[in-house]
4 protein chains.
Amino acid sequence: MNESTTLRRLKTIEGHLKGVIRMVEEDAYCIDVIRQIQAVESALNKVSAGILDEHLNSCVITAIQGDDPKERERVLKEISEVFEMANKV
Amino acid sequence: MNESTTLRRLKTIEGHLKGVIRMVEEDAYCIDVIRQIQAVESALNKVSAGILDEHLNSCVITAIQGDDPKERERVLKEISEVFEMANKV
Amino acid sequence: MNESTTLRRLKTIEGHLKGVIRMVEEDAYCIDVIRQIQAVESALNKVSAGILDEHLNSCVITAIQGDDPKERERVLKEISEVFEMANKV
Amino acid sequence: MNESTTLRRLKTIEGHLKGVIRMVEEDAYCIDVIRQIQAVESALNKVSAGILDEHLNSCVITAIQGDDPKERERVLKEISEVFEMANKV
C-alpha cells in the first residue's frame, strides 16, 4: 500500500469517525454506535497491515541487506513488537 | 460512561487520528505510524466498552424487566454479537 | 450453546493444540505453526461467545429480574469486563 | 524464543486448556470459564509472538540476504498475512 492509498483510507476513516461522533450527539442506539466503532477499528487494521507490508518491502529489506547488525536487529525487533501489539488491540 | 464522556473521548480520538494523517503526510517512519494507529484502536476499545457498560445499565435492564420476550431476546442477541465482533477487531 | 456443545468444541480445540505441539516437535515451518495457533484462538473465541450467549440467557436474565440490585450490578459489570478483555486477546 | 521454550509454553497452555474443560464438566460459573479461555488466548498470543521473533531472526534474514527474489517476496508476504490475522483473533 503506497502513501497516497494510506492517506486516502485514513481520511475515509476520519469521515467514518466523524459520523460516529454525530451518532452519539444525536443519541443513536448504543449497539449501533459500538458496531460503527468496530467497523472503524477493522478499517484501521487494514491500513496498518498495508503500512507494514510497505515497510517490509522497503526499510526491512534495506536494513537486512545492509552492513549494520544493530540496525538489522532494531528493525526486526520493531516488527515483533507491532505484531505482539496487534494481538492486543 | 455517560454521553458527554463518550463524546469527549471520541473527539480526542479524532484529534489523534488527524495526527496520524499528518504523520503520513510528513512521511513519518512506518512503524511509528502503525504504533499510533494501534493506540487509536486501543482508545476506541475503551470507548466501546464504556458505551456497552452504559447500555447494559439502561436499555438491557429495561428490556429484561419488560414484558416483551422478543425484545428481551433481541437485546441479548445484540450483546453476543458485539462480543463476538470484539474478538475480531 | 449448551454445555455438551461447549465441551465437544473445547475437546476438539485440545486436539488441535496437541497437533500444534507435534508440529513444533517435528520442527514445522514457523509461519505454519503461527497460523495454526491463530486458528486455535479463533476457535476459542467462538466458544467463549457461545458461553456468553448461554450466560446472558440464563444467569443474566435471572439476576436482572431478581430483587437484589447488588447482584444485578455484579452480573452486568462482569459482562463489561469480559467484553473489554475480548478486545485485548 | 527457541524451540524448547515454545514447547514448554505450549504444554503449559495445554494443561491450562484441560483445566478449562474440567471447569465446564464441573459446571463452573460461565464468566469464570470465559476469563480462563481469554487467559489461554493471551498465552497463545505470547507464544506466536515468540515464534515470529525467532522466524524473523532466522528464515527471514536468510531469505532477504539470499539470491531468490521470489523467495524473499514469499517470506515477506507471509509476515504481512500473519500480522493481518493477528488483528483478527
- Message: Taking the conditions exactly as written (open to solvent by less than 30 Å² (accessible area, probe 1.4 Å), touching a residue at least 12 places away in the same chain (Cβ under 8 Å) and more than 28 Å from B:ILE61 (Cα to Cα)), does C:ILE51 satisfy them or not?
- Response: no
- Message: I need a count of the residues in the stretch B:46-72 that are more than 8 Å from every other protein chain (Cβ to nearest Cβ) and farther than 20 Å from C:LYS70 by Cβ.
- Response: 8
- Given the conditions (1) more than 7 Å from every other protein chain (Cβ to nearest Cβ); (2) under 15 Å from B:SER48 (Cβ atoms); (3) crowded, with 18+ Cβ neighbours inside 10 Å, report the number of the one that A:ILE34 does not fulfil. (1)
- Do any helices (runs of 4 or more DSSP H) lying entirely in the stretch A:1-84 carry at least 2 residues that are touching a Phe, Trp or Tyr at 6+ places or on another chain (Cβ under 7 Å) and under 18 Å from B:VAL40 (Cα atoms), and which ones are they? A:30-55
- For C:ARG9, the lone unmet condition from (1) within 24 Å of D:ILE79 (Cα to Cα); (2) touching a residue at least 12 places away in the same chain (Cβ under 8 Å); (3) charged (D, E, K, R) is (1)
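The values are calculated or read from the model by the stated rules, or taken from the named source; none is laboratory data. Source: prediction; values computed, not measured. When we count neighbours, we look across all protein chains shown, and the Cβ atoms used for this are built from the backbone with ideal geometry, even at glycine. Keep in mind that these areas ignore ligands, DNA and RNA; they rest on the heavy atoms of the full protein, side chains included. Shrake-Rupley method; radii C 1.70, N 1.55, O 1.52, S 1.80 Å.
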